1. I want the local charge near A:ALA29. Using Cβ-Cβ distances under 15 Å, sum +1 for each Lys or Arg and -1 for each Asp or Glu among the other residues.
2. What are the DSSP H helices in chain B that stretch 15 Å or more along their long axis, judged by alpha-carbon atoms, and whose average Kyte-Doolittle hydropathy comes to at least 0.0?
3. Which three extents, in angstrom, do the Cα atoms of chain A have along their principal axes, listed largest first?
4. Using the number of other C-beta atoms within 10 angstrom as an exposure proxy, rank A:TYR62, B:TYR53, B:TYR4, B:TYR91 with the fewest first.
5. If you rank B:SER61, A:SER124, A:SER71 by fewest surrounding Cβ atoms within 10 Å, what's the result?
6. Could you line up A:LYS102, B:LYS98 from fewest to most neighbouring Cβ atoms inside 10 Å?
7. In percent, how large is the relative contact order of chain B, given Cα pairs closer than 8 Å and 6 or more residues apart?
8. Let's see if you can work this out: charge +1 on each Lys and Arg Cβ, -1 on each Asp and Glu Cβ, no other charges. What is the dipole magnitude of region A:27-133 about its Cα centre, in debye to the nearest 20?
Amino acid sequence: MAMTEAAKVPRERPMSPHLSIWRWHITMATSILHRATGVALYVGGLIGAAWAISLAQGPETYGTFKHLLGSPLGKVVMAGLTLSFFYHLANGIRHLVWDVGKGFDIRTANATSIVVFAFAAAASVAVWAIAAMTGAL
Amino acid sequence: MVSYRTPLSRARGLGSAQHGVGHWISERVGAIALVPLTLWGVFGVLRLAAGDYGAAVAWISDPLNATLMVLLVVISFWHMHAGLRVVIEDYIHVTLNKSALLILNLFVCGLAGALAVFSILKVALGGAV
C-alpha cells in the first residue's frame, strides 16, 4: 500500500540551478553578451536596410537618413553597434573554434573571453579613430 | 506502470528528422561568410559616412561593391533570422505567441532583406534620380 502511494507522488527530480544561483563568471558573461549583441545587431541590420532604401529614394531621403545617423543620438547608436559588432564577430569566431572541438577547457575558455573583450574594445576605438581622421563623423 | 510495448516499438518514429546536421552546417557556413563580408562592410560604412549622396551612388554603382553589398544583405538577414529564431524558441513558451513571433521574424527579415537588395540593384543599375 505504502509503495503504491509513493509511486503516485512525483519523485523530486534534480533541477538545473536557476540563473540567480550561479556564481557570476566570465564565460557566462560572454555567452549572455553574444545573444544580447546579436539582438542589437538585428536592429543594426534593419538600419542597414534603411540605408539602402533611403539611397534608392533619392538625395533628400538619403540626406535625412545621414542627418539622423549623424545626430548625437545616432552616434550613440552607431557606437553601440560598433562595440556589438566587434564583440559578436570575435565571440562568433570563438564559437566556430568550439565547433571544431577546440578551446573547451576552462583556462582556454577564460583566456579567450578576455581576448574577445579586448578585441571588441580595441577594434571599436580603432574604427572610430579612422572615422574621425577620414571625416566620417 | 508496466508497459507491454517493446523498447524498439517505443523508439520507432521518434528519431531525428534527419536534417539537423545540414541545418547546423548551413548556419556555420553563413557565419563564416559573414566574417570577411562584415569587415568589408565596416570599411564601406566608413567610406559612405565621409561622402555625400553622389559619392554613395558612385560607390554602389561599382559592380564589386554592389555584388558584395547584396551578398552581405542576403547572408546577414539569413543569419539574423536564424539567430532571433533561437532566441524566440528559448524564451517564448506559449505556442500561439511563439508561432506569431517566429512568423514575424521571418517576414521582417524577408521584407527588409528584399527591399534592401532591390534598392541596391536599382541604384547600382542607374535607376536613381
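FYI, it's all coordinate maths here, none of it is from the lab. This one's a predicted model, so the numbers in the text were calculated from it and none came from an experiment. Glycine gets a Cβ as well: all are built from the backbone with ideal geometry, and neighbour counts include every protein chain shown.
1. Summing Lys/Arg as +1 and Asp/Glu as -1 gives +3.
2. Numbers: long enough: B:20-50 (44 Å, 1.17); B:63-91 (42 Å, 1.11); B:95-124 (43 Å, 1.71).
What comes out of the filter, once short or polar helices are dropped, is B:20-50, B:63-91, B:95-124.
3. On the principal axes, chain A reaches 84, 35, 28 Å in Cα extent.
4. Details: A:TYR62 23, B:TYR53 19, B:TYR4 5, B:TYR91 9.
Placing the least packed residue first, the sequence is B:TYR4, B:TYR91, B:TYR53, A:TYR62.
5. Going from sparsest to densest Cβ surroundings: A:SER71, B:SER61, A:SER124.
6. Ordered by Cβ neighbours within 10 Å, fewest first: A:LYS102, B:LYS98.
7. Rounded, it is 30 percent for chain B.
8. Working: 6 positive and 3 negative charges, 30 e Å.
That gives region A:27-133 a dipole magnitude of about 140 debye.
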